[in-house]
Amino acid sequence: MKINVSPSGSLVYPHLSKPDTKFDRDGVYKTQLRVTDTDAANELVDTIQDSLDEFATQHPNVKKRAKLPFEKSDDGSYTFTFKCKARGIRADGTTWEQKPKIFDAKGNPFITGKTIWGGTTAKISFAIAPYNVAATGLGVTLRLKGVQILELVEGGGSAETYGFSEEEGFDASTQSEEVSSPAEESPQEENAAANY
């Protein structure tokens, strides 16, 4: 299976340090990647579409198409979805486990114990895996293989992670650290706030 590498982009809702088990008890490693470089994003879209078109020639009677693993925003950027199962059971009953390989910008293994947050700049190593499912038709999954962290965000997401872009107005970086303390709340007010 051919390995591809995405353009650099911003990670959105990454589950790379540990798998997401909300909808799959076996766990899924996954992330979205927001790519603002229009030319690079369009090139990746073409690669994904070409793989699906080639797969479709092997299934000429299947007309239904599943949702593709990317979305285009009004600003021209694309958000791609990558994922891989954390564990499973083979046909012979034996179990397997996997996790994406993570590297820093220099190609060194990522430090175990650090958490990768949304807003981190990265590239994704992945394989395009076409499928044919009766309920949804022909589609492709971008199977997560590895991640190269270019700029790590820890401890919380950036404004971009929450969908905000730079605007004219208040600039926190120009404000003094001296702020007035709010009046202390009475116990009754604290209890009321806690129960709200």
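See the values below:
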{"read-out": "Residue list for region 1-10, restricted to those being open to solvent by 20 Å² or more (accessible area, probe 1.4 Å) and not basic (Lys, Arg)", "value": "1, 3, 4, 5, 7, 8"}
{"read-out": "Hey, residue 13 assigned to a strand (DSSP E or B), touching a residue at least 24 places away in the same chain (Cβ under 8 Å) and surrounded by 17 or more Cβ atoms within 10 Å (Cβ to Cβ) or not", "value": "no"}
{"read-out": "Out of 112, 121, 38, sole residue that is closer than 27 Å to residue 152 by Cβ and under 17 Å from the mean Cα position of the chain (by Cα)", "value": "121"}
{"read-out": "Strands (runs of 3 or more DSSP E) wholly inside region 17-132 that include at least 1 residues being surrounded by 13 or more Cβ atoms within 10 Å (Cβ to Cβ), touching a residue at least 40 places away in the same chain (Cβ under 8 Å) and not aromatic (Phe, Trp, Tyr)", "value": "28-35, 78-85, 87-89, 101-103"}
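The values are calculated or read from the model by the stated rules, or taken from the named source; none is laboratory data. Quick caveat: nothing in here was measured; it's all calculated off a predicted structure. Glycine also receives a Cβ, built like all others from the backbone with ideal geometry; neighbour counts cover every protein chain displayed. For the accessible areas, the whole protein counts, side chains as well, though only heavy atoms, and no ligand, DNA or RNA atoms are used. Shrake-Rupley method; radii C 1.70, N 1.55, O 1.52, S 1.80 Å.
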